[in-house]
Amino acid sequence: MTGTQARTPPTVAEQLISTVGGRVGDSPVRPDGTLKVKGEFAYSSDLWAEGMLWGATLRSPHPRARIRGIDISAALRVPGVRAVLTVDDVPGSKVYGLEFADQPVLALGEVRYQGEPVAIVAADQPETARRAAGLVDVGYEVASPVTDPRAAMRRGADRVHPTGNVLRHVPVRRGDVAAAAAAADIVVRGDYEVGMQDQAFLGPESGLAVPAEDGGVELFVATQWLHADRRQVAACLGLPPEKVRLTLAGVGGAFGAREDLSMQVHACLLALRTGRPVKIVYGREESFFGHVHRHPARLSYEHGATRDGRLRYVRAEIVLDGGAYASTSAAVASNAATLGVGPYDVPNVAVDCFAVYTNNPPCGAMRGFGAVQACFGYESQLDRLAAELGLDPVEVRLRNAMTEGTVVPTGQVVDSAAPVAELLGRLRNLPLPPDLPAAPDLRELPGGVSGTTHGEGVARGVGYAVGMKNVGFSEGFDDYSTARVRLEVIGGEPAVQVHTAAAEVGQGLVTVQAQIARTELGVQRVTIQPADTTVGSSGSSSASRQTYVTGGAVKAACEQVRAEVLRLAGERLGRQELGHQPADLRLDGGKVVSRGGAVLADLAEVLGSDAVERTVEWRHRPTYPLDPRTGQGRAHVQYAFAAHRAVVDVDVELGLVRVVELACVQDVGKAIHPDAVLGQIHGGSAQGLGLALMEEIQVSGGVVRNPSFTDYLLPTILDMPPTRVDVLELADPHAPYGLRGVGEPPTISSTPAIVAAVRAATGRLLRRVPIRPEHLTGT
């Protein structure tokens, strides 16, 4: 640092050091829980350093415009302003991106969406920085935005980028769809639409950049992927990666939106220019412009079946509005295409998914990642097929349910449990909530497949849906995690330190790492080191992958440590004294014990003053790229499944919906922390409810109309109904402890289940989410 002494709140891991016991399968108390409930947890927005400046960002008010000039002189004259920077001040790469480097650090001659950063300011006080940013004079030549993704795909459409508007086309072909269509007894077609959902995390984007004495920079930030951030930040700063050091700060929710950069490069640029620490904290409105959102989608489906409800073919076109920049759109398109027919055995498939550039807000990762949009389409179709055939909707799903051994449309064989039929059967057997004795006044309540009427204007509906999701990174991505585990004696007691770069974003990963270490090494005292870039990458906290991949890395590192300790035990204590081979020994309670449980030695005796440390890069089974013409390939490492039943009451005169109950059955392979599993299922169901009934960023002409929690409606505790959860543990033999990713599947199936219930109550087709009152009243 230059002339300052940095003092920051505790890092995330320092706040989350777990001293409470608990092994795999237990539910120890999460150490961050009490701090968060009491308001004592330090988030990234609480960061502070001596001599710290505040950063602010000037953003474009236009979704599309050429920049004819930028005058920063008025901003520089404001007392307390220390720096005003534009794209000309970026010393390295002027663009960044997760998959494609196409997003400018600061506007590069033009702006492509409303809210694109144009200039940044550092000042002594936050209000001074904001006021100075407003004084930067930008000359815009406004152009008509490209806002309709299907129109953007047409020949001759205005190009958002010189390379064209179709970022990626993912085709999936299996069988002979034309022949199957000619032979089908019944065909149902439907067009569907999914609105733009926001991750709506409560902790806005924030972080603190501190210049270092070696000319580099230290960045404390709330993120989902420290090493991906470092790679992009270092390139933009023109610095070698080792001079850009990142430490995870307290994360106030993520859900995908923190995979992309937001304020990271900006804070570092300002810190290096001024030689002082710089903190940036977005306000709520700026947060809506500062991160990506869930892709809006338009879906066209055609399902053909026999008279007894057996699916013969599926045709689908899925168009994802990626907005102005690529983010993760290519991968989202792959998921939507490969999962586009759902957890069903369909012999003939033709799916085309397009990710398209527009001048709408950039879209990228959000919980469910392409599977959410597709599931709304194919589950709506299954309900329509059931209605056409006069069959129970659950029965239609059961007749087509995927099983272990099913070949999915990409040609990949499902080689672990696929309990789709069991999930649905368990759901159907759960008792329904009691009927209301009289019609409720839904105006006083917070605000299928058969419907029942409670009273004049109010009807009840029941709906079902089932979904599937890939776990981990796909299509040949080198998906690995690094873990460093150290076992030593401290104060006469054995102690373990675990160090990874995995981001704790509220999912409980710190607790899980400690549980695995206790299970594998039999030591109670476990410390989780701060997540930072001094250890190898752990990948992103996304794709329901961290417990699988980082958990696998911690487990593998612990196994290597254990093997070395048992080798030392045999060497130092003598095999004759131990009376066993190392393979016959284990660690438990800080001791070396036999398979029969006899105590043979204390770890303190075996280790003495030495420490055993191992660093492991752990990878799951490889995946492979899809064939670009047919979409064939082993693209995914694991599939996870969840099913929902929703019960709703609808005031058909006012268009108000009350979700009476949700029920979810999900296979998790192995519940590493059962209470956390329940929390993930409840939370995912809540986000699915939000998409079904209330959550949408409303964009008109490329302009966001509701960038606030006043107008962007979120489910509250009053909107969430009682939720029954039934957890299956059908082990995946290829995964650590047999586990499956948990976080995303409940978000996928909850939305279509709620829509199906509203459909049952009202008799309306309901082809769009979120459902609005006018969709129910016809006004």
Q) For segment 22-152, what class follows from the C-alpha gyration tensor (a ≥ b ≥ c being the square roots of its eigenvalues): rounded when a/c is under 1.5, otherwise prolate if a/b is larger than b/c, else oblate? A) oblate
Q. Quick one: if you stick a label point 7 Å off each Cα along the C-beta vector at Asp158 and Glu404, how many nm between them?
A. 5.5
Q | Fraction of the pair-distance distribution of segment 299-359 above 13 Å, Cα-Cα pairs, percent | A | 62
Q. Considering only the other residues whose Cβ falls under 11 Å of the Cβ of Thr511, what net charge follows from Lys and Arg at +1 and Asp and Glu at -1?
A. -2
Q. So for the pair Asp478, Arg150, with labels modelled 7 Å out along Cα→Cβ, what separation do we get in nm?
A. 4.2
Q) Mind checking which aspartates and glutamates have their C-alpha under 20 Å from Lys243, skipping anything on the same chain fewer than 8 residues away? A) Asp89, Glu213, Asp214, Glu218, Asp229, Asp532
Q: Provide the net charge surrounding Glu317, with neighbours chosen by a C-beta distance below 10 Å and charges set as Lys +1, Arg +1, Asp -1, Glu -1.
A: 0
Q. Efficiency by 1/(1 + (r/R0)^6): what FRET value for His734 and Leu765, r their Cβ-Cβ distance, R0 = 41 Å, to the nearest 0.05?
A. 0.50
(Q) What are the ³J(HN,Hα) couplings of segment 58-63, residue after residue, when phi is run through the Karplus curve with 6.51, -1.76, 1.60 and θ = phi - 60°? Round to Hz, x for glycine and proline. (A) 8, 10, 5, x, 10, x
Q) Under a 5 Å amide H to amide H cut-off, with H placed in plane at 1.01 Å, what residues pair with Leu739 once short-range neighbours are removed? A) Lys670, Asp732
(Q) From the gyration tensor of the Cα coordinates in segment 480-619, what semi-axes in whole Å does the equivalent ellipsoid have, largest first, with each one equal to sqrt(5λ)? (A) 29, 14, 12
Q: Pull out a ≥ b ≥ c, the square roots of the eigenvalues of the alpha-carbon gyration tensor of segment 580-668, then state rounded if a/c is under 1.5, prolate if not and a/b is larger than b/c, and oblate in the remaining case.
A: oblate
Q) Straight-line reach from Lys555: which lysines have Cα under 27 Å away, leaving out those fewer than 8 places along the same chain? A) Lys469, Lys591, Lys670
Q.
Please compute the Kirkwood hydrodynamic radius of the chain from all pairs of different C-alpha atoms, in Å with one decimal.
A. 27.5
(Q) Considering only protein heavy atoms and a probe of 1.4 Å, how much of the accessible area of segment 480-619 is carbon and sulfur, as a whole percent? (A) 43
Q.
Given a Förster distance of 30 Å, report the FRET efficiency between Arg705 and Val727 from their Cβ-Cβ distance, rounded to the nearest 0.05.
A. 0.15
Q | Residues of the chain: accessible area per residue with a 1.4 Å probe, Å² | A | 35
Q. Given R₀ = 45 Å, FRET efficiency for Ala178-Asp415 by Cβ-Cβ distance, to 0.05?
A. 0.90
Q: Kindly identify segment 454-550 as rounded, prolate or oblate by the Cα gyration tensor criterion: order the square roots of the eigenvalues as a ≥ b ≥ c, call it rounded if a/c is under 1.5, otherwise compare a/b with b/c, prolate if a/b is larger, else oblate.
A: prolate
Q. Top to bottom by accessible area (1.4 Å), largest first, where do Leu713, Leu693, Leu607 land?
A. Leu713, Leu693, Leu607
Q. Label His682 and Val166 with points 7 Å out from Cα along Cα→Cβ: what is the distance between them in nm?
A. 4.6
Q.
If you restrict to DSSP beta bridges whose two residues both lie in the chain, what percentage is antiparallel, to the nearest 5?
A. 80
Q. Setting aside same-chain residues fewer than 8 positions from Lys38, which aspartates and glutamates have a Cα under 18 Å from its Cα?
A. Glu14, Asp46
Q) So what are the ³J(HN,Hα) numbers for segment 315-329, from phi and the Karplus equation (6.51, -1.76, 1.60; θ = phi - 60°), rounded to whole Hz, Gly and Pro as x? A) 10, 8, 10, 10, 10, 9, 7, x, x, 6, 9, 5, 6, 9, 4
Q.
I'd like the Karplus ³J(HN,Hα) series for segment 639-656: coefficients 6.51, -1.76, 1.60, θ = phi - 60°, whole numbers in Hz, and an x wherever there's a Gly or Pro.
A. 10, 10, 9, 8, 9, 10, 10, 10, 10, 10, 10, 10, 7, 6, 7, 9, x, 9
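The values are calculated or read from the model by the stated rules, or taken from the named source; none is laboratory data. Just so you know, these numbers come straight off a predicted model, no measurement behind them. FYI the Cβ positions are ideal-geometry reconstructions off the backbone, even for glycines, and counts take in every protein chain you see. Side chains included, ligands, DNA and RNA excluded: accessible areas come from the protein's heavy atoms. Shrake-Rupley method; radii C 1.70, N 1.55, O 1.52, S 1.80 Å.
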